[in-house]
Amino acid sequence: MNKNIAEAVPPPERKRVKLPIFSEIAAVPHMVWLALFVVLPLIFVVYYAFTDIKGDFTFANIAALSQHAGTFLTSVCYALIATAICLLIGYPLAFAISRASAKRQGLLIMLLMIPMWMNLLIRTYSLMAILDDGGIINGLLSAVGLPELHIIGTAGAVIFGMVYDFFPYMVLPIYSVMTKQDTRLIEAAYDLGCNRLSAHFKVTLPLSVPGIVSGITMVFVPSISTFYISQKLGGGTKELIGDTIERQINNPATRNVGAAISLVMMILILISVTVMNKFSDDDDKGGVII
């Protein structure tokens, strides 16, 4: 009897000792890093965006943005096309990986991430060797008697470079969300009369929205701000907004205009991150993998 009573009585909860002083000290290096390399550069960008060469306050830099409206629209179009291609290819791939066995999932994710272990410059140069007029693709076409293709210096080459470099950023968030989905919901959809296709569109796809939004954001933001890909794969003929910012910043006479363009890009990125957080703020629904 006493033994049963003793088993019924829950053990006393252990009190966790909090160390607020230690946690505050541990956060100091992170706060210093954040202030030096995030907050301070942002302040400099805002300062130069609203001042001229002499340091006087002006809105002329903001007014000069209209001169680069065409470049900005081109960058947005290229980024949207690259993001759409990544989504159309990445969503089925993420779904296939999430439905594979645990061992095979690890292998497939590793194969997806291997190119990301290399520097962006190396990956871009490798694409130049593949897509160049005398590259591997044209070499194979010539070997089989087909006409060669001029790829480098075209919009297709730039978009292909964006897709190749940022494709894993689309797959990983969607895969993360799909692996956390409760398979019992799909079984319930089957019990209610859904077939495999309708169950996917009524259950799997709606539950994957946080991952899709995260993937779109993580591909669109670097695509619209890239400059090295357009310089190398575009052959210097396709200037995007990132190229314009680099050119303006390197010229002391137009450095303030470059800061104004950078400010607009930062606002666009903040809007994208805000939208992403709105759809992926619940940890149970998955989120972004960085």
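The values are calculated or read from the model by the stated rules, or taken from the named source; none is laboratory data. The structure presented is a predicted model; accordingly, all values stated were derived computationally and were not measured. Don't worry about glycine lacking a Cβ; one is built from the backbone with ideal geometry, like all the others, and counts go over all protein chains shown.
Consider G193 carefully, then state whether it is closer than 25 Å to A96 by Cα, loosely packed, with under 13 Cβ neighbours inside 10 Å and over 23 Å from the mean Cα position of the chain (by Cα).
For G193, the condition - closer than 25 Å to A96 by Cα, loosely packed, with under 13 Cβ neighbours inside 10 Å and over 23 Å from the mean Cα position of the chain (by Cα) - is met.
Quick grid of which residues meet (1) aromatic (F, W, Y); (2) within 14 Å of the chain's Cα centre (by Cα); (3) at pLDDT below 90; (4) crowded, with 17+ Cβ neighbours inside 10 Å:
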{"residue": "L73", "(1), (2), (3), (4)": "no, no, no, no"}
{"residue": "C86", "(1), (2), (3), (4)": "no, yes, no, yes"}
{"residue": "I89", "(1), (2), (3), (4)": "no, no, no, no"}
{"residue": "A94", "(1), (2), (3), (4)": "no, no, no, yes"}
{"residue": "S98", "(1), (2), (3), (4)": "no, no, no, yes"}
{"residue": "R104", "(1), (2), (3), (4)": "no, no, no, no"}
{"residue": "L112", "(1), (2), (3), (4)": "no, no, no, yes"}
{"residue": "L121", "(1), (2), (3), (4)": "no, no, yes, no"}
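Condition check: within 23 Å of D52 (Cα to Cα), of a type in the set (V, I, T) and surrounded by 19 or more Cβ atoms within 10 Å (Cβ to Cβ). Does V203 satisfy that?
It is false that V203 is within 23 Å of D52 (Cα to Cα), of a type in the set (V, I, T) and surrounded by 19 or more Cβ atoms within 10 Å (Cβ to Cβ).
Where the second residue is crowded, with 22+ Cβ neighbours inside 10 Å and at pLDDT 85 or above and the first is assigned to a helix (DSSP H, G or I) and among the aromatic types (F, W, Y) and lies in the range 214-235, which pairs have Cβ atoms under 7 Å and are six or more apart or on separate chains?
Final answer for the pair search is F220/A79; F220/T83.
Within the range 45-64, track down each residue that is aromatic (F, W, Y) and surrounded by 12 or more Cβ atoms within 10 Å (Cβ to Cβ).
Across the range 45-64, the qualifying residues are Y47, Y48, F50.
Report, by residue number, each residue of the range 45-67 that is outside any helix (DSSP H, G or I) and hydrophobic (A, V, I, L, M, F, W, C).
Correct list: F50, I53, F57, F59.
Which numbered condition trips up P168, out of (1) outside any helix (DSSP H, G or I); (2) at pLDDT 90 or above?
So the condition that P168 fails would be (1).
Do we have any residue at all in the range 29-40 that's assigned to a helix (DSSP H, G or I), modelled with pLDDT under 90 and under 19 Å from I249 (Cβ atoms)?
yes
Specify which of the listed residues (T226, T217, T237) is exposed (fewer than 15 other Cβ atoms within 10 Å of the Cβ), in contact with a Ser or Thr (Cβ under 9 Å, 6 or more places away or on another chain) and under 30 Å from I152 (Cα atoms).
Just a single option satisfies the conditions, and that option is T237.
Scan the range 135-156 and give yes if some residue there is outside any loop (DSSP other than H, G, I, E, B), closer than 14 Å to I229 by Cα and of a type in the set (A, V, I, L, M, F, W, C), otherwise no.
yes
Check whether at least one residue in the range 259-277 is assigned to a helix (DSSP H, G or I) and either among the basic types (K, R) or touching a Lys or Arg at 6+ places or on another chain (Cβ under 8 Å) (or both), and report yes or no.
no
Sort out which residues of the range 213-252 are more than 16 Å from V163 (Cα to Cα), under 19 Å from the mean Cα position of the chain (by Cα) and among the aliphatic types (A, V, I, L, M), and write them in order of number.
Scanning the range 213-252 gives V213, I241.
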